[in-house]
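The values are calculated or read from the model by the stated rules, or taken from the named source; none is laboratory data. As the structure is a prediction and not an experimental result, all values here were calculated from the model. Here the Cβ positions follow ideal geometry from the backbone for every residue, glycine too, while neighbour counts run over all protein chains shown.
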Amino acid sequence: MSDSPVSVAIDGDLAIVTVDNPPVNALAHAVREGLSEAVKTVEAADVGAAVLVCAGRTFIAGADIREFDMAPKAPHLTEVVGQIEMCSKPWIAAIHGTALGGGLETALGCHYRVAAATAKMGLPEVHLGILPGAGGTQRLPRIVGAAAAVEMITTGVPVSAARAKEMGLVAKVVEGDLTEGAKEFARSVIGVTPPRIDRAPAAPAPSDAEWAAMRAKVEKAAKGQISPLGCFDSIRNAFRLDLDAGLEAEREGFMVLKDSDQSKALRHAFFAERAVAKPKVIAGAKPREIARVAVVGGGLMGSGIATSLLQAGLEVTMIEMSADAAEAGRARVETNLDSAVKRGRLSAEGKAKLMAALTPAADYGAAAGADLAVEAVFEDMEVKRKVFGALDEAMGAEAILATNTSYLNPNEIAAGLRNPARVVGMHFFSPAHVMRLVEVVQAAETSPEVLATAFALAKKMRKVAALSGVCDGFIGNRMLSAYRRVCDYMMEDMRAIEPIDQAIRDFGMPMGPFQLMDLAGLQIGWANRKRLAPTRDPKVRYVTVADRLCEAGRFGQKTGAGWYRYEKGARTPLSDPFTQDAIEKAAEEAGREKRDFDAETIRRRAMAVLINEGAQILDEGIAARPLDIDMVKIFGYGFPRWRGGPMMHADITGVDKVLADMEAVAADDPGSWTVSPLLRKVAKSGEGFAKLNG
Ligand code: 3H9
């Protein structure tokens, strides 16, 4: 028996070509080889048509991304697709699950496509920093036209079977058994000359003005990522070049993008997004079933968490201090769900069902019988301890108790409770029904089973969970504090905030640090600084500007002024002489000489500090792997995915260069920074942080 992942079975007048390469039938070398052989078998066999089907949960999900770092090995996918297309007998792709990337390109080489009603089809290569390199940018526009191809390829968003039928991408949507439906279709085209895609340039071509408008839209959405424009330019070639020349140009474009730093970073993000959900400590631990959750606190955070839990299909009891407060929490959840209905993501009926699964309550007794409780109350140790004490009494000794604290020590929160092994941190990000990150915080006694349950719950909520140990701010906010501190130093030295915000935005972050503080509100930071004031190291430079703003009641956008000022109801940051004055005064009192940093230096210094703190966090075991840090920053803080996260960014930049920048930062303010020994070690090794991902 052959051990090829591709087999051919003769079924009367049809050849059934089956790809079986778990888990997602990726087009590894053996699959390409098997398909190439299959074309020869079909040609030689006494059959009238071939049906291409896939075993398992999905049609071919694309090229094998793990092979991208290896030397390309023939047969290349473009050749295999060409062989299928040139076969003298019609090929019918029978699509179930997802036909993605090279998988859809293979299907485009087939002469007909039929799909299960639940199937999806897409060319998501753009998210890996590449373009479809096996004919996708040349064949798809010839079938669906310029606008639809630009939309599908530059956004990477797959289309449903029904939409694919409308676009002419599939010939038939099969409601019942897909293989049977595909076979029936295949028998109906036996003897028909296989229809091949037109070799001439695609037509009709959009006008120059239409191309320009499409390009501008793609460029705006790309936010610094290069692959969307690479995809766009390749699609445009389809309307200028004949198929063979277009395919050649596409291949060249693919190779250039594949070798780019951005593609490297995006591929890292793809695998890291999956690996982050599998930290070593939960290997082998069985998550518990969670059906009912008590959420304590119905404010912005609590109602966001409750919304997300309801959307994951759980029953939620929301506990507040009074019936009125509980009702206000319920109303916030309803507003969140209404907005999902408005966006077409939820039906009115669906909303009613979710609301029926929510029970507002004003006493802790209502938590009895819940499998897990999440507290999202005021960030104060005494308050949190009281809540946990009440939950401890109301709930079974096994029920999991999760704290959503963003800074406080979960060990202190857990102290004195029955069974502290069931206490875990689940740090959500605001707004919790939108933001994907959850830091799962392992307290001193948290059991692996409880951690595994928190990870499983996060997955059910479609969130990205990352494991963090206990420290002030956990992974994300601790790194944010260090980054803000260096931005504060530069701000005081430069006597300006705008160039810093601009430089950081140009790096690809959605917002600069000062803009972000205005959006999030300055109160929490202020409360934290006051909390930490008694233990503050006097050798560490302290910038007083934020305190001056808070003392003047400037807490950010919500109060109409913070670092910037805002016109009533508007979100556009406007520069404000008050802030300028506060900076000048602070700098003068601190005796700082005025300095200038160019945009490049601002970025490098900010990144060096972020990476240095990341290295420190790794060294202390707060994060187990660099990839955990990368995922925290991408999913919780808007770090550009195409830069791979800070630790990957360090590898791409060169860890030695990052170290040199960090040393320069540290030298400017002696006593204020510790250059991480791990950063030095990794820089010296020349192997990069990726090596530590295991
Ligand atoms: C391409 O096709 C280029 C061509 O245009 C040109 C070539 C010349 N390769 O996501 P899951 C692994 S680029 C290798 O958890 P799900 C994944 O890492 C490709 N491995 O399952 C995971 O491994 P592990 C364009 C892959 O059911 C396991 O499979 N295609 C690949 O939630 C299960 O994956 C894409 O970008 C791959 N292509 O989702 C599609 N795909 O168990 C990428 C997955 O060790 N894939 N793995 O963690 C997906 O979007 C999802 O995997 C899919 C299934 C929706 C298919």
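Within region 87-101, can one find any residue that is out of contact with any strand residue (DSSP E or B) (no Cβ under 9 Å at 6 or more places or on another chain), away from the ligand (no atom under 12 Å from the Cβ) and under 16 Å from E43 (Cα atoms)? There is at least one residue in region 87-101 that is out of contact with any strand residue (DSSP E or B) (no Cβ under 9 Å at 6 or more places or on another chain), away from the ligand (no atom under 12 Å from the Cβ) and under 16 Å from E43 (Cα atoms). Any residue in region 534-545 that is closer than 18 Å to V665 by Cα and touching a residue at least 12 places away in the same chain (Cβ under 8 Å) sitting within a Cβ distance under 8 Å of a residue that is surrounded by 10 or more Cβ atoms within 10 Å (Cβ to Cβ) and hydroxyl-bearing (S, T, Y)? List the pairs, counting only those 6 or more apart or interchain. These pairs meet every condition: K539/S672; V540/S672; R541/Y489; R541/S672; V543/Y489. Restricted to region 28-65, and to residues there that are within 13 Å of the ligand (Cβ to nearest atom) and among the β-branched types (V, I, T), the residue that is farthest from the chain's Cα centre (by Cα) is V31. Residues of region 619-636 include at least one that is acidic (D, E) and surrounded by fewer than 23 Cβ atoms within 10 Å (Cβ to Cβ). The set of residues from region 158-194 being surrounded by fewer than 20 Cβ atoms within 10 Å (Cβ to Cβ), in a loop (DSSP other than H, G, I, E, B) and out of contact with any Pro (no Cβ under 8 Å at 6 or more places or on another chain) comprises G168, A171, E175, G176, D177, G191, T193.
For T118, indicate whether it is hydroxyl-bearing (S, T, Y) and out of contact with any His (no Cβ under 8 Å at 6 or more places or on another chain). So T118 does not fit the description; no.
Looking at this structure, is D501 touching a Leu at 6+ places or on another chain (Cβ under 9 Å), in the same structural domain as E588 (by TED's automatic domain parsing) and modelled with pLDDT of 95 or more? The answer is yes for D501. Within region 104-117, not a single residue is at positive phi, modelled with pLDDT of 95 or more and near the ligand (Cβ under 9 Å from one of its atoms). Would you mind stating whether P287 is within 16 Å of the ligand (Cβ to nearest atom) and surrounded by fewer than 24 Cβ atoms within 10 Å (Cβ to Cβ)? In short, no.
Within region 38-51, none of the residues are within 24 Å of P124 (Cα to Cα) and surrounded by fewer than 24 Cβ atoms within 10 Å (Cβ to Cβ).
Without any contact (Cβ under 8 Å) to a residue 40 or more places away in the chain, within 13 Å of the ligand (Cβ to nearest atom), not small (G, A, S) and not assigned by TED's automatic domain parsing to the domain that holds A376: is that true of E273 in this structure? Answer is no for this residue.
A count restricted to region 195-228 and to residues that are among the basic types (K, R) and not in a loop (DSSP other than H, G, I, E, B) stands at 3.
The residue that is surrounded by the fewest Cβ atoms within 10 Å (Cβ to Cβ), among those in region 129-139 that are near the ligand (Cβ under 9 Å from one of its atoms) and within 13 Å of M255 (Cα to Cα), is G133. Within region 118-128, being near the ligand (Cβ under 7 Å from one of its atoms) and either among the β-branched types (V, I, T) or not assigned by TED's automatic domain parsing to the domain that holds D233 (or both) holds for no residue. Taking I497 as the residue in question, decide whether it is crowded, with 20+ Cβ neighbours inside 10 Å and under 24 Å from I622 (Cα atoms). Judged against the criteria, I497 is not a match.
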